[in-house]
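K.L.:
Questions regarding the structure given below will be posed in turn.
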Amino acid sequence: MSSIAKKKGFGASLWDYLTTVDHKKIAILYLAAGGLFFVIGGIEAMLIRIQLAKPDNDFVSAGLFNEIITMHGTTMIFLAAMPLLFAFMNAVMPLQIGARDVAFPFLNALGFWLFLFGGLFLNLSWFMGGAPDAGWTSYASLSLASEGHGVDFYALGLQVSGAGTYIAGINFLVTIINMRAPGMTYMRMPLFTWTTFVASALILFAFPPLTVGLFFLIFDRMFGGNFFDHTMGGNTIIWEHLFWIFGHPEVYILILPAFGIFSEIFSLFSRKRLFGYSSMVFATVLIGFLGFMVWAHHMFTVGLGPTANAIFSVATMAIAVPTGMKIFNWLLTIWGGSIKVTVPMLYALGFIPSFVAGGVTGIMQAAAPLDYQLHDSYFIVAHFHYVIVGGVVLAILAAVHLYWPLMFNQMLSEKLGKWTFWFFFIGFHCTFFIQHFLGLMGMPRRVFTFGADQGWDTFNLISSLGAILMAIGVIILVVNVIITIVKNEKVGNDPWGDGRTLEWAIPQPIPFYNFKQTPLVRGLDTFWIEKQEGNKEGMTYAEPLSDIHMPNGSIIPLVMSFGLFVASFGALYNGEKDWAIPVLVLGLAITFASMAIRSIKDDHGFHVHKEDILKNEGGNK
Amino acid sequence: MDFNTKYTPQSWPDHPEQVTLEGKNKFLGFWLFLAGETVLFSSLFATYLALKNKGPSGMEFSTQTLFELPLVFVMTMILLTSSLTSVYAMYHMKNHNFKGMQTWLAITVILGIAFLCLEIYEFNHYVHLGFTYGQSAFSTAFFTLVGTHGLHVAIGLGWIILLLIRNAKRGFSLYNAPKYYTASLYWHFIDVVWVFIFTVVYLMGVVG
Amino acid sequence: MNTTKKEGFDLAMMKGLKKWRLYSLLAVLTIFLSGCGEEYLSTLTPAGQVGKEQFNLLLLSTGIMAIVIVVVLIIYVLAIVKFRRSKVGENVIPKQVEGSMTLEIIWTVIPILLLIVLAIPTVAYTYKHADVSGMTAVDAEGNKEAVTVNVTAKLYWWEFEYPDLGIVTSQELVVPTNEKVYFNLKAADVKHSFWIPTAGGKMDTNVENVNQFYLTFDKESAGLKDGVFYGKCAELCGPSHALMDFKVKTIDRKDFDVWAETMKTTEHVAQGELATSGEEIFTTSCIACHATSGAGTAGGVGPNLATFGDRNRVAGFMDLTEENVKNWINDPESHKPGNLMPQPEEINNGEKFSEEQLDALAEYLMGLSVEK
């Protein structure tokens, strides 16, 4: 383990990735898996737009359409957007704070494998009797009435992958609190680290209600429970509350890291310190806090009464204030700077108008009486795509280009990157801007078809054409990635030339122990400070060179997750197949046995010796 | 400060669970985990309160007629005592008295098992009355809330037993001190949750 | 379309943001927005007090948000134009500004003020639109003053019961104009949502409780293209969620009273030989679920067909032609997946209806009317 740059065969590399606990490799795993699910979710989106391209279309059937929209939403939120953000959190955050790894490398791997097996389980529903069809929100009366096993796949799959997310959240929190390098005070942390921190805190408090809600659904559907069966005294509104107590913070779990990524980009490509750093931090924390106070704005039409609606209206509007602060601080960051329009910067510049548009429509929906009209219409579809695509997806695409050199020591083609951007950006506005008007014109969301006499034909066609442009953009990106990997031209550290934070200071390829000596952080944008002072190495060290303690790799996270994957099949077929309960027990046994092995077997990790480090460093230069 | 260093009562640190970085991480991470668990139980409590006494029309069961305080009171006392014994165990860990710690943890385990047995007896009793898991929304919410707690007790017991056996011959180290500490923290958490269950489910159910 | 909007914004911006200019901006917006959509379906052509107030809120919020967008865009465009690296020089290191307290305060306080402007009418309308105290008001003789409709949403159709009048309709809501009409909303199977875009916002029909709200209608539907407003189900409820439209007929109060009386008293008699044989088939195969009299209460297994011949749609979404009626009866599942109407085999001794039987049924059903 301790010797580095050894050439490995395919089997050994595969085993390496299956057992890795290195945050940089886990980041690559998240990127690959999240990218795959992003493409799957994108194909589902295309099917939706093909079906709705013309009135009375019969490209897909009504039932299949509901499965597609459910899987599109669920996949994009849980299996694409979040894991892709986790990829960058894993790849970048420990480097930004000068840490050798995350706090719990083993749990980091466990989090990934849980997510992957949960996602696989959910997607297996396509081949095993039909996907979930009750919408990504899976409102209880419909999700109980839904036939087949689709909703069971939804509940169990999300439960498994949600556990992974929860673990990842705790892990990032502890990493940031405990493992910052000397001098890296809270108010010197780069914004991406800050947003990772707040998003992780949101995960910590938002995922348990989802877990509980999903358990209720599992118990009701598979084990004879009555939480949502109103004939037995149950209440479906409980699901709506639990889902949105999770669901609203979930939006911020996605958008805050996106804000972090754009903060880094604006500052980097304007050669300028982030304007109003401390108020940016304050705004991030405030958004995170308020994110828990507004869930019922998804439920204005449920009939909670005027007082609840009024309170949640006003609370929701309040979120606009810190968000506005952020927008203006970004604008003032580029103001007076030296703007270089690279691909990541192009995304950041595209993000501002897109996200402002998404934000203001959010305020419109915060006005409860107006929301009675907008809710569950295409207006809301337009709104959340403006926020999620215009905010989160643009951030992810920007980060792919920005951090590709950090993760792979290669540069994606800027030229192809710009093509991707323009196709995607124009396609995005073309698809979703028009949908605001469809909603106002009375088109409800989640309709599998629409009549020709309702005045919606042209706008739907425009929307579908826009989707094609977006797809072309993504295809160009995939081509770009393949070409770059095949070419494999190494670029070294700080490839953008203006790197400000620690992750750009570290030599490429990054040693598995990250920093040979823990750096001393001397201010915000510490790498920038060092460079301005003419420090060639880019870092001041806080400690002399000494042995480094590193954790061992392990296959146990994978096995543990696989156990839950097996157990899920048992739960799914409970009461239907004879083998269901044995399989459930077997799966849980695998998981608990791996936990016991983990806990009984001492795992002290290993030490990288000073001499090896020096040798390795020599090899790098 | 290596994991394998042998300590004497004199050299043993004041907070052995937080000396190594791994220990510190475990300590903080576990507190955060418990924060999440608190939200989980809050959701269960809220649901229980919403569905309390709700069932199909003409349901015969209600909190007033169903619950019997004496048994639950005994369970409460047992679990509270077990929390106290786990405090003794941590006290001995601080003083580098390995045998003392193992003994008090063993007593904690015995009390925990007693609690779990009484809970199983209680559930069994209800089921025989016809108050089964699927009888009503009330029964579902009750069994889920109290049962989730029971599951936590069972997991806690398994965890502590594993620690006792695993380390019986090894004595203290900075590697296992955080493990003992977090296990006892978990046990306290379970206890606190039970205090809420006792108050909200049973006391308020019978009296309120 | 976009340009009109933008010109409107820019115009208002240039002249400053005095109040009357805001109104002119709103006027431009109104004209622009009402160009969108069909007047029997669009929220942009509100035809009732609730819908109009919500539309006003839409204009107000759009106006306020337009101000924000314009301010952001101006700074944004200027920054991109002025501070490109190609302009400022390749090797220039910009001043590393930390921030500005004054600016932070400005962009905190101004949005708060803007939001207060929006929050006040929001809260006021929230309470106003939830006020159903008029539902129980009675006149001197003890009769209910307002019309109340009990709406039950079912897979995939709507039942409208008028409890004070003793009548029930399905798929077609008939309401008097220029007065508040109160609704009790409930779902019979899974959750749906009751939405008449032109009249006002939606309200969910939950399975476990009754929701209440009111709407007003100030335009008679007779002049519209199909003579009706359209209503929608706005909550995903299964495969045929999209096919759950209902119709809203708005007539003045006098006509409404006449209509209600006719509904109650009309006894349908089949006319002609074909219709009579259709009635026979109907009484053996269909009557168990479908009532044919408008007098009655809610709780029908299938839609009440008393006004079938007066409708313009079969099954809520197909044009009312004899051909469509026959197709529908012959194979409901293929037209409206997941609906609960039995296939013909299930009600006709295991056989499909013959062509003659279908003709007879269609003839009979098309004759069911209270208006003719």
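Only the coordinates and a few stated rules stand behind these numbers; no lab work does. Small disclaimer: the values here were computed from a predicted structure and weren't measured. Ideal geometry is used to build each Cβ from the backbone, glycine not excepted, and the neighbour counts take in all protein chains shown.
K.L.:
Which of A:Ser354, B:Ser83 has the fewest other C-beta atoms within 10 Å, and how do the rest follow up to the most?
P.N.:
Values: A:Ser354 24, B:Ser83 20.
Least crowded to most crowded, the residues run B:Ser83, A:Ser354.
K.L.:
Counting Lys and Arg as +1 and Asp and Glu as -1, what is the net charge of the other residues whose Cβ lies under 12 Å from the Cβ of B:Leu66?
P.N.:
-2
K.L.:
Please list, by residue number, everything in the range C:213-233 whose backbone N is under 13 Å from a paramagnetic label point 7 Å out along Cα→Cβ of C:Asn178.
P.N.:
C:217-220
K.L.:
Taking the 0 to 90 degree range and rounding to the nearest ten, how far is the long axis of helix B:137-167 tilted relative to the main principal axis of chain B, both from C-alpha atoms?
P.N.:
Computed tilt is about 20 degrees.
K.L.:
Let's test the formula: R0 of 30 Å, r as the Cβ-Cβ distance of A:Lys490 and A:Ile177. What FRET efficiency results, to the nearest 0.05?
P.N.:
0.30
K.L.:
Quick check: convex hull of the Cα atoms in the protein assembly as shown, volume per residue, rounded to a whole Å³?
P.N.:
190 Å³
K.L.:
OK, next. Give me the three principal axis extents of the range C:145-372 from the C-alpha atoms, as integers in angstrom, largest value leading.
P.N.:
47, 36, 31
K.L.:
Would you tell me the mean number of C-beta atoms belonging to other protein chains that fall within 10 Å of each C-beta in B:56-66, as a whole number? Mind dumping the intermediate values first?
P.N.:
Values: counts 6, 2, 0, 2, 0, 0, 0, 0, 0, 0, 0.
Taking the mean over all residues of the peptide, I get 1.
K.L.:
Let me know the longest stretch in chain A that avoids all chymotrypsin sites (Phe, Trp or Tyr not before Pro) found in a DSSP loop with at most 16 other C-beta atoms within 10 Å.
P.N.:
Longest site-free region, per DSSP loop and neighbour criteria: A:293-578.
K.L.:
Let me ask something additional. Given R₀ = 60 Å, FRET efficiency for B:Leu129-A:Ala315 by Cβ-Cβ distance, to 0.05?
P.N.:
With a Förster radius of 60 Å, E is 0.85.
K.L.:
Now, a different point. Rounded to the nearest 500 deg cm²/dmol, what is the calculated helix-only ellipticity per residue at 222 nm for chain A, with -39500 (n - 2.57) per DSSP H run of length n ≥ 4? Can you show the working numbers first?
P.N.:
On the way: 21 runs with 400 residues, N = 621.
Rounded to the nearest 500, the figure is -22000 deg cm²/dmol.
K.L.:
Given a Förster radius of 41 Å and the C-beta distance between C:Gln343 and B:Leu49 as r, what FRET efficiency does 1/(1 + (r/R0)^6) yield to the nearest 0.05? Before the final figure, lay out each step's value.
P.N.:
On the way: r = 46 Å, r/R0 = 1.11.
Computed FRET efficiency for C:Gln343 and B:Leu49: 0.35.
K.L.:
So for the pair C:Thr102, C:Thr321, with labels modelled 7 Å out along Cα→Cβ, what separation do we get in nm?
P.N.:
7.3 nm
K.L.:
Within 14 Å, Cβ to Cβ, of A:Thr307, how many net charges do the neighbouring residues add up to if Lys/Arg are +1 and Asp/Glu are -1?
P.N.:
Here the charged neighbours net out to 0.
K.L.:
Ok, one more. Per residue of chain B, what 222 nm ellipticity follows from adding -39500 (n - 2.57) for every DSSP H run with n ≥ 4, rounded to the nearest 500?
P.N.:
Rounded to the nearest 500, the figure is -24500 deg cm²/dmol.
K.L.:
I would also like to ask the following. Provide the net charge surrounding A:Asp603, with neighbours chosen by a C-beta distance below 14 Å and charges set as Lys +1, Arg +1, Asp -1, Glu -1.
P.N.:
Summing Lys/Arg as +1 and Asp/Glu as -1 gives +3.
K.L.:
If you take all C-alpha pairs in chain A, what percent of them are over 40 Å apart?
P.N.:
Within chain A, distances greater than 40 Å cover 27 percent of Cα pairs.
K.L.:
What is the angle, in °, between the Cα long axis of helix A:62-74 and the longest principal axis of the Cα atoms in chain A? Nearest 10 is fine, range 0 to 90.
P.N.:
Roughly 30 degrees, rounded to the nearest 10.
K.L.:
Let me ask another. Who wins for biggest fluctuation among C:Arg313, C:Arg253, C:Arg85 in a Gaussian network model of chain C, springs between alpha carbons below 10 Å?
P.N.:
In this elastic network of chain C, the residue with the biggest mean-square fluctuation among C:Arg313, C:Arg253, C:Arg85 is C:Arg85.
K.L.:
In degrees, nearest 10, range 0 to 90: what is the angle between the Cα axis of helix B:69-94 and the longest Cα principal axis of chain B?
P.N.:
It is inclined by approximately 10 degrees.
K.L.:
Let me ask another. Contact order normalised by length for the range C:145-372, with contacts defined as Cα pairs under 8 Å and 6 or more residues apart; what percent is it?
P.N.:
About 21 percent, as a whole number.
K.L.:
Once whole DSSP H runs in chain C are found, which of them have Cα atoms spread over 27 Å or more along the helix axis and a mean Kyte-Doolittle score of at least 0.5? Intermediate results must be reported in sequence, preceding the final value.
P.N.:
Values: long enough: C:49-82 (49 Å, 1.83); C:101-129 (41 Å, 1.52).
The qualifying helices are C:49-82, C:101-129.
K.L.:
Within 10 Å of each Cβ of C:87-98, how many other protein chain Cβ atoms are there on average?
P.N.:
5
K.L.:
Right, another one. Which three semi-axes in whole Å describe the equivalent ellipsoid of the range A:368-420, each the square root of 5 times a Cα gyration tensor eigenvalue, listed largest first?
P.N.:
Numbers: eigenvalues 265, 23, 6 Å².
Semi-axes (√(5λ), whole Å): 36, 11, 6.
K.L.:
Additional query: Report, ordered by chain and residue number, the lysines lying within cross-link reach of B:Lys179, taken as a straight Cα distance under 19 Å and ignoring same-chain residues fewer than 8 apart.
P.N.:
Leaving aside lysines fewer than 8 places away in the same chain, those within reach of B:Lys179 are A:Lys601, B:Lys6, B:Lys24, B:Lys26, B:Lys94, B:Lys99, B:Lys169.
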